[in-house]
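**Q** My questions will all concern the structure given below.
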Amino acid sequence: MSEFAKGEVWLVGAGPGDAGLLTLHAVEALRTADVEIQDALKSAKVLEYAAGAELVFLGKRGGKPSPKQPEINARLVAEAKAGRRVVRLKGGDPFMFGRGTEEVLALVAAGVKFRVVPGITAGIGGLAYAGIPVTSRDVNSSVIFLTGHDHTGLSPEGIDWAAVGHAAGMIVLYMAMRHMGEISDKLMAGGLSGDTPVAVVMRASMPEMRILDTTLARAAKDIEASGIGAPAIISIGRGNLLREQMAWL
């Protein structure tokens, strides 16, 4: 196990929520840290490993008052410069739509040593908890991961949705709940069938996990009617049908 030295920042992926999905490096970092700067996506069980650290909440939540990214970057640098062991605890994986790149570049610019501890992303691990394989030789041999909004909070521009709809057997969307109607319309306009299976997994891997099975044409209305909300991962493709045999929870 690598030494966690004073003055270093470790970006730690906490996984989708179930504390059992933490890596050994993540647990060691949590137990060793002097201060932990938390993302919004975390669970109480995960934080039980951090009993000896100062806990600082600096999480970002779409549509809600949140700290600005430069503020988070500055806090990471300041804590490290003060000689503390700093964990930046992030839901899922630090580099999967998690702003980990921006934080690392800020540390590099400030001359702060860092380490990245990858985590299990919800688009793989969270779907597995719902009984959905992101790839399967006989059903979907490719997968595309997309974010449902850009840095402005709007549906991302510059995506060729027609190409996306035909390029992979499974499409996995992060942070797409608010724009699911628009995304569905674009995919169907590009030729993807409205009958394409869709699964929405809320709070994946947690005891309160909820799953909505729907279709591309009905997804937006069914999400609204079901009351399912963020955080949720959305998968689009025939691989969702395997849930009928593979749902193990």
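The values are calculated or read from the model by the stated rules, or taken from the named source; none is laboratory data. Treat the numbers as computed from the prediction; the structure is a model and nothing was measured. Note: ideal-geometry Cβ built from the backbone for every residue, glycine included; neighbour counts use all protein chains shown.
**Q** Cβ contacts < 6 Å: first residue in a loop (DSSP other than H, G, I, E, B), restricted to region 105-116; second residue among the aliphatic types (A, V, I, L, M), any location; separation 6+ or different chain. Result?
**A** From residues that are in a loop (DSSP other than H, G, I, E, B), the pairs are V112/V9; V112/V77; V112/A80.
**Q** Right, something else. Residue check, A128 against (1) in contact (Cβ under 8 Å) with a residue 12 or more places away in the chain; (2) crowded, with 17+ Cβ neighbours inside 10 Å, all met but one. Which one?
**A** All conditions pass for A128, except number (1).
**Q** Let me ask something additional. Residues in region 78-99 that are crowded, with 19+ Cβ neighbours inside 10 Å, at negative phi and not in a loop (DSSP other than H, G, I, E, B): how many?
**A** 7
**Q** Test P156 against the stated conditions and say whether it is free of Cβ contacts under 8 Å to residues at least 24 places away in the same chain, out of contact with any Cys (no Cβ under 6 Å at 6 or more places or on another chain) and closer than 28 Å to V46 by Cβ.
**A** The answer is no for P156.
**Q** Another question about this same structure. Just name the residue that is farthest from G126 (Cα to Cα) out of those in region 162-216 that are of a type in the set (D, E, K, R) and part of a loop (DSSP other than H, G, I, E, B).
**A** Among those residues, the one meeting the criterion is D195.
**Q** Follow-up question, since we're still on this one. Suppose the filter is at pLDDT 95 or above, assigned by TED's automatic domain parsing to the domain that holds K113 and touching a strand residue (DSSP E or B) at 6+ places or on another chain (Cβ under 8 Å); does G13 pass it?
**A** yes
**Q** Which pairs turn up if I take residues in region 230-249 that are within 19 Å of G191 (Cβ to Cβ) and surrounded by 24 or more Cβ atoms within 10 Å (Cβ to Cβ) and look for partners that are at pLDDT below 95 and basic (K, R) with beta carbon separation below 7 Å, at least 6 apart in sequence or on another chain?
**A** Matching pairs, first to second residue: none at all.
**Q** Taking only region 38-77 into account, find how many residues are modelled with pLDDT under 95, surrounded by fewer than 18 Cβ atoms within 10 Å (Cβ to Cβ), over 25 Å from A204 (Cα atoms) and small (G, A, S).
**A** Number satisfying all stated conditions: 1.
**Q** Next up: Do any residues in region 193-218 that are in contact (Cβ under 8 Å) with a residue 24 or more places away in the chain have Cβ atoms under 6 Å from those of residues that are among the polar types (S, T, N, Q), where the two are at least six apart or on different chains, and which pairs are they?
**A** Qualifying pairs under 6 Å: P197/N240; V198/T214; V198/T215; A199/S235; A199/N240; L216/S184; L216/T196.
**Q** When the residues of region 117-144 are filtered to those that are over 11 Å from the mean Cα position of the chain (by Cα) and not in a loop (DSSP other than H, G, I, E, B), which remaining residue is farthest from R243 (Cα to Cα)?
**A** Restricting to residues being over 11 Å from the mean Cα position of the chain (by Cα) and not in a loop (DSSP other than H, G, I, E, B), the top hit is V117.
**Q** Would it be correct to say that S142 is surrounded by fewer than 20 Cβ atoms within 10 Å (Cβ to Cβ) and touching an Asp or Glu at 6+ places or on another chain (Cβ under 6 Å)?
**A** No: the conditions fail for S142.
**Q** Taking the criterion of being at pLDDT 95 or above, over 18 Å from V116 (Cα atoms) and out of contact with any helix residue (DSSP H, G or I) (no Cβ under 6 Å at 6 or more places or on another chain), would at least one residue in region 20-37 satisfy it?
**A** yes
**Q** Further question: S155 - would you say it is closer than 24 Å to G15 by Cβ and within 18 Å of the chain's Cα centre (by Cα)?
**A** no
**Q** Of the residues that make up region 218-227, is at least one of a type outside the set (F, W, Y), crowded, with 19+ Cβ neighbours inside 10 Å and in a loop (DSSP other than H, G, I, E, B)?
**A** For region 218-227, residues of a type outside the set (F, W, Y), crowded, with 19+ Cβ neighbours inside 10 Å and in a loop (DSSP other than H, G, I, E, B): absent.
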